[in-house]
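**Student:** Okay, here's the structure, questions in a sec.
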Amino acid sequence: MSDSGKLKLVLCWHMHQPEYRDLQSGEFKLPWTYLHVIKDYVDMAAHLEAVPQAKAVVNFAPILLEQIEEYARQVNGYLHDRISITDPLLAALVDPSIPADPEERMRLVKDCMRANRERQINRYPAFKRLIEMADWLEHHYDSLTYVNSQFISDILSWYHLIWMGETIKLTDTRIKRLIEKGSGYTLHDRIEIIEVIAEQLSTIICRYKALARKGQVELSVTPYAHPILPLLLDLNTTREAMPDAPLPELDVYPGGEERVLWHIEKGVHTFKRLFGFKPKGCWPSEGSISDQTLKILSDFGFDWTASGGSVLNNSLNLAENDNASGIHHPFKLQGTDIVCFFRDDGLSDLIGFEYSKWHADDAVGDLIHHLENIAEHEPNGKVVSIIMDGENAWEYFPANGYYFLSALYQRLTGHPKIELTTFSECLENKAEIKPLAKIVAGSWVYGTFSTWIGDADKNRGWDMLGDVKGAFDKVISTGRLTDKQVQQAEFQLAICEGSDWFWWFGDYNPGEAVSNFEKQFRLNLTNLYRLLGEEPPAYLALSFTQGSGTPAMGGAMRPSIDLYN
């Protein structure tokens with residue numbers, strides 16, 4: 001079969017972490033950026049490097065890229081000049097002195113318990129024993145005084161070893177030796193671990209840049225701090241897919257369009273600085289689109305964007321779109337020049353939520369069977385888009401998805417009826433583009449914005465954000481801030497506008513995650529008031545949302561179809 005007759009398949013991996021730094025103190029409040037670098041971003045690059053015929057789209061949030069840069073700078077600064085690291089967990093890994101204070105020790109122990117029990121902890125009997133002791137200590141707090149320094153050294157070492165990517169565990173002799181050692185880790189061992197971490201942080205962006213240069217990867221961008229663009233533009237777009245949703249007291253986010261343009265411009269600027277070219281595509285945060293969002297992305301000059309299949313399905317139900325059909329096609333909204341691809345939600349969710357429970361060969365075989373059915377029963381010219389989180393899914397797979405991803409790339413590249421490609425190549429090869437008269441605003445999660453707005457806690461977050469934006473506008477209009485202060489305030493505002501804080505608000509999420517992100521949101525708002533020279537409102541001292549839920553995958557990912565309604 002000629003390439004032109006093959007089913008076109010785009011695998012699009014979205015790499016994203018919010019800003020975890022307190023921008024005023026410089027301290028990283030949570031360690032997820034560097035942990036996902038050494039576990040997921042490294043493995044995802046290595047799988048593509050191992051199969052040169054494979055192709056994928058990889059999307060980076062600019063705020064993530066900047067944090068990777070900062071981590072690389074700090075860790076190399078520590079190794080070369082013993083400059084202190086501002087991530088408490090990473091700093092503890094190489095601290096010659098283990099803290100004597102029982103509370104500090106318990107904090108480190110609890111930090112080292114944040115991992116997948118089945119796939120990361122139970123896989124290693126030596127670490128499993130440490131975690132079982134840590135579980136006991138949580139319920140016998142008075143015994144902490146009897147915990148020696150070696151226990152803390154071992155649990156810190158093991159925690160970073162289990163977070164290493166599978167491709168590092170298989171190839172790096174230092175990591176192999178340290179895993180085999182099992183216990184009694186020394187400061188020298190811990191410094192060896194941070195040397196490996198430094199190598200990954202320092203090279204990961206260059207590895208993706210090299211894959212892009214070879215044509216294996218198309219790199220795309222998200223607006224700078226990962227805001228939900230349609231909501232910044234118009235909170236009422238919530239009701240296009242959820243007509244009865246309660247909205248915040250805030251009628252409109254002040255200056256929303258100006259802020260959307262700021263995030264897009266700043267995001268592209270960061271991308272160009274690190275990768276050396278302007279991206280052709282933009283994955284809007286969480287695949288969130290609306291008519292106005294698509295017009296702005298089109299005017300900005302992007303060739304393509306993408307969203308969830310549920311958004312297209314909602315849109316195809318409109319009378320205006322009565323001639324349009326089929327998710328396996330790109331579409332173009334009338335009045336715009338940008339092409340929008342839509343995620344095959346079913347296939348994407350199989351990878352995200354089901355295949356981790358399967359044998360890797362069976363899972364890949366099942367996915368290919370679905371793709372062969374599409375190739376056989378639908379006309380030529382179809383584009384299947386599998387778009388998903390490039391980081392959180394893999395900790396639920398054996399060996400961080402190593403066997404699944406290896407088999408996936410190898411079998412797809414050798415398949416006679418399926419061609420791995422990229423969104424830009426689809427456009428260059430004149431994929432059939434269908435027209436749309438109107439889009440029903442929504443995201444890749446359920447086709448709605450319910451993850452970020454529409455319940456009491458999320459709406460309260462929007463009202464708090466609206467308050468600080470009003471204060472920002474008022475102070476900026478007085479002209480009393482210096483240019484440097486204005487720039488600092490703009491960056492701090494951008495962090496406050498990120499989508500992740502709202503994702504975690506709500507009692508259906510796990511309590512610890514809600515607490516961590518809610519505290520960070522209030523800290524971000526407080527920091528902005530102080531940068532503006534304003535007194536933060538008293539309500540920012542009080543928690544406003546708690547979680548008690550146990551969602552699938554810990555809540556870090558959501559299926560595209562709401563299973564609970």
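The values are calculated or read from the model by the stated rules, or taken from the named source; none is laboratory data. Just so it is clear, the model here is predicted, and its values are computed rather than measured. Note that we place each Cβ from the backbone using ideal geometry, even for glycine, and neighbour counts take in every protein chain shown. The area values use the complete protein model at the heavy-atom level, side chains included, leaving out ligands, DNA and RNA. Shrake-Rupley method; radii C 1.70, N 1.55, O 1.52, S 1.80 Å.
**Student:** Within region 505-534, find all residues whose amide N lies under 19 Å from a label point positioned 7 Å from the Cα of GLN546 along Cα-to-beta-carbon.
**Tutor:** 505-522
**Student:** Still on this structure, I have one more. Could you work out the Kirkwood radius for region 367-487, taking every pair of different alpha carbons, averaging 1/r and inverting it, reported in Å? Each step should come with its number before you reach the end.
**Tutor:** Numbers: mean 1/r = 0.0499 Å⁻¹.
Mean inverse Cα-Cα distance, inverted, gives 20.1 Å.
**Student:** If you scale each eigenvalue of the Cα gyration tensor by 5 and take the root, what three semi-axes come out for region 191-238, rounded to whole angstrom and sorted largest first? Intermediate results must be reported in sequence, preceding the final value.
**Tutor:** Working: eigenvalues 244, 68, 7 Å².
Those come to 35, 18, 6 Å.
**Student:** Hey, what's the per residue convex hull volume over the C-alpha atoms of region 114-196, in cubic angstrom?
**Tutor:** Numbers: hull volume 7.4 nm³, N = 83.
Taking the convex hull of the Cα positions in region 114-196, it is 89 Å³ per residue.
**Student:** Follow-up. As a test of understanding, state the convex hull volume per residue of region 48-109 from its alpha carbons, in Å³.
**Tutor:** 155
**Student:** Shifting gears a bit: Report the extension gain between LYS295 and SER325 in nm, rounded to one decimal, defined as 0.36 nm multiplied by the number of residues separating them, less their alpha carbon distance.
**Tutor:** Numbers: separation 30, 0.36 × 30 = 10.80 nm, distance 2.16 nm.
My answer for the length gained is 8.6 nm.
**Student:** Less than 22 Å apart at the alpha-carbon level, and either on another chain or at least 8 residues along: which lysines does that give for LYS417?
**Tutor:** In chain and number order, the partners are LYS6, LYS8, LYS55, LYS382, LYS430.
**Student:** Can you work out the FRET efficiency for the pair LYS214 and SER25, with r the C-beta to C-beta distance and R0 = 45 Å, to the nearest 0.05?
**Tutor:** Details: r = 40 Å, r/R0 = 0.90.
That gives a FRET efficiency of 0.65.
**Student:** Over the chain, what portion of Cα pair distances is larger than 41 Å, expressed as a whole percent?
**Tutor:** Details: 35690 of 159330 pairs.
When every Cα pair of the chain is considered, 22 percent fall beyond 41 Å.
**Student:** Working from the alpha-carbon coordinates of region 338-421, get Rg over Rh, Rh being the Kirkwood radius.
**Tutor:** Working: Rg = 13.1 Å, Rh = 13.6 Å.
A ratio of 0.96.
**Student:** Out of the DSSP beta bridges found with both residues in the chain, what percent are antiparallel (nearest 5)? Working shown, then result.
**Tutor:** On the way: 4 of 35 bridges.
That works out to approximately 10 percent antiparallel.
**Student:** Continuing with the same structure: Any number yet on Rg/Rh for region 1-57, C-alpha, Kirkwood?
**Tutor:** Numbers: Rg = 17.5 Å, Rh = 14.4 Å.
Reported Rg/Rh, Kirkwood definition of Rh: 1.22.
**Student:** Nearest 20 debye, what's the magnitude of the dipole of the chain about its Cα centre given +1 on Lys and Arg Cβ and -1 on Asp and Glu Cβ? Display every interim value, and only then the final one.
**Tutor:** Working: 54 positive and 78 negative charges, 266 e Å.
Charge dipole, the chain, about its Cα centre: 1280 debye, nearest 20.
**Student:** Using 5 Å bins from zero, what percent of all Cα-Cα pairs in region 26-65 falls into each bin?
**Tutor:** Answer for region 26-65: a P(r) of 6, 17, 25, 23, 14, 8, 4, 3, 0 percent.
**Student:** Which cross-chain or sequence-distant (5 or more) residues have an amide H under 5 Å from the amide H of LEU436, H modelled 1.01 Å from N in plane?
**Tutor:** LYS332, LEU333, GLN334
**Student:** Here's something else I'd like to know. Please compute the modelled spin-label separation between ASP142 and GLU265, points set 7 Å along Cα→Cβ, answer in nm with one decimal.
**Tutor:** According to this spin-label approximation, the distance is 6.3 nm.
**Student:** Same structure, new question: Quick check on region 303-384: what does the Kirkwood estimate of hydrodynamic radius come out to from the alpha carbon pairs, in Å?
**Tutor:** Computed over Cα pairs of region 303-384, the Kirkwood hydrodynamic radius comes out at 14.3 Å.
**Student:** Of the options ILE205, PRO246, LEU294, report the single residue whose Cα projects farthest towards the positive end of the charge dipole of region 199-305 (beta-carbon charges: Lys, Arg +1; Asp, Glu -1).
**Tutor:** ILE205
**Student:** My understanding is that a pair violates if its Cα-Cα distance is over 27 Å; which of LYS110/LYS176; LYS39/LYS181; LYS39/LYS295 do that in this structure? Working shown, then result.
**Tutor:** On the way: LYS110/LYS176 25 Å; LYS39/LYS181 20 Å; LYS39/LYS295 37 Å.
Distance filter (> 27 Å) returns LYS39/LYS295.
**Student:** For region 4-118, build the convex hull from the C-alpha positions and give me its volume per residue in Å³. Could you put the intermediate results ahead of the total?
**Tutor:** Working: hull volume 18.2 nm³, N = 115.
So the per-residue Cα hull volume is 158 Å³.
**Student:** Still on this structure, please answer the following. Taking the C-alpha atoms of region 368-417, how large are the radius of gyration and the largest Cα-Cα span, Dmax, in Å?
**Tutor:** 13.3, 38
**Student:** Of LEU316, GLN67, LEU540, which is farthest on the positive side of the dipole of the chain, counting Cα position, with +1 on Lys and Arg Cβ, -1 on Asp and Glu Cβ, and the Cα centre as origin?
**Tutor:** GLN67
**Student:** For region 241-326, rounded, prolate or oblate, judged on the Cα gyration tensor with a ≥ b ≥ c (square roots of eigenvalues), a/c < 1.5 rounded, else prolate if a/b > b/c?
**Tutor:** Values: a/c = 2.54, a/b = 1.33, b/c = 1.90.
Oblate shape, in that a/c is at least 1.5 and b/c is the bigger or equal ratio.
**Student:** What whole-number distance in Å separates the alpha-carbon centres of region 259-301 and region 306-340?
**Tutor:** Taking the Cα centre of each part, region 259-301 and region 306-340 sit 20 Å apart.
**Student:** Given axes a ≥ b ≥ c from the Cα gyration tensor, I'd like to know whether region 121-254 is rounded (a/c under 1.5), prolate (a/b larger than b/c) or oblate. Before the final figure, lay out the partial values.
**Tutor:** Details: a/c = 3.34, a/b = 1.53, b/c = 2.18.
The shape class here is oblate.
**Student:** With charges set only on the Cβ (+1 for Lys and Arg, -1 for Asp and Glu), what does the dipole of region 1-150 come to about its Cα centre, in debye to the nearest 20? Intermediate results must be reported in sequence, preceding the final value.
**Tutor:** Working: 17 positive and 22 negative charges, 141 e Å.
Using Cβ point charges on Lys, Arg, Asp and Glu, region 1-150 gives about 680 debye.
**Student:** Here's a follow-up. Taking just the alpha-carbon atoms of region 60-201, what radius of gyration and Dmax come out, in angstrom?
**Tutor:** That works out to 15.3, 45 Å for Rg and Dmax.
**Student:** In addition: Can you send over the carbon and sulfur percentage of the accessible area for the chain, probe radius 1.4 Å, protein chains only?
**Tutor:** Working: 10920 of 21790 Å².
Accessible surface attributable to carbon and sulfur in the chain totals 50 percent.
**Student:** Under 18 Å from the 7 Å Cα→Cβ point of ASP507, by amide nitrogen: which residues of region 455-486?
**Tutor:** 455-461
**Student:** Give the value in nm², to one decimal: projected area of the alpha carbon convex hull of region 250-380, averaged over all directions.
**Tutor:** Numbers: hull surface 47.0 nm².
That works out to 11.8 nm².
**Student:** Taking the Cα-to-Cβ direction at ASP361 and at ASN313 and moving 7 Å from each Cα, how far apart do the two end points lie in nm?
**Tutor:** Using points 7 Å along Cα→Cβ, the separation is 3.4 nm.
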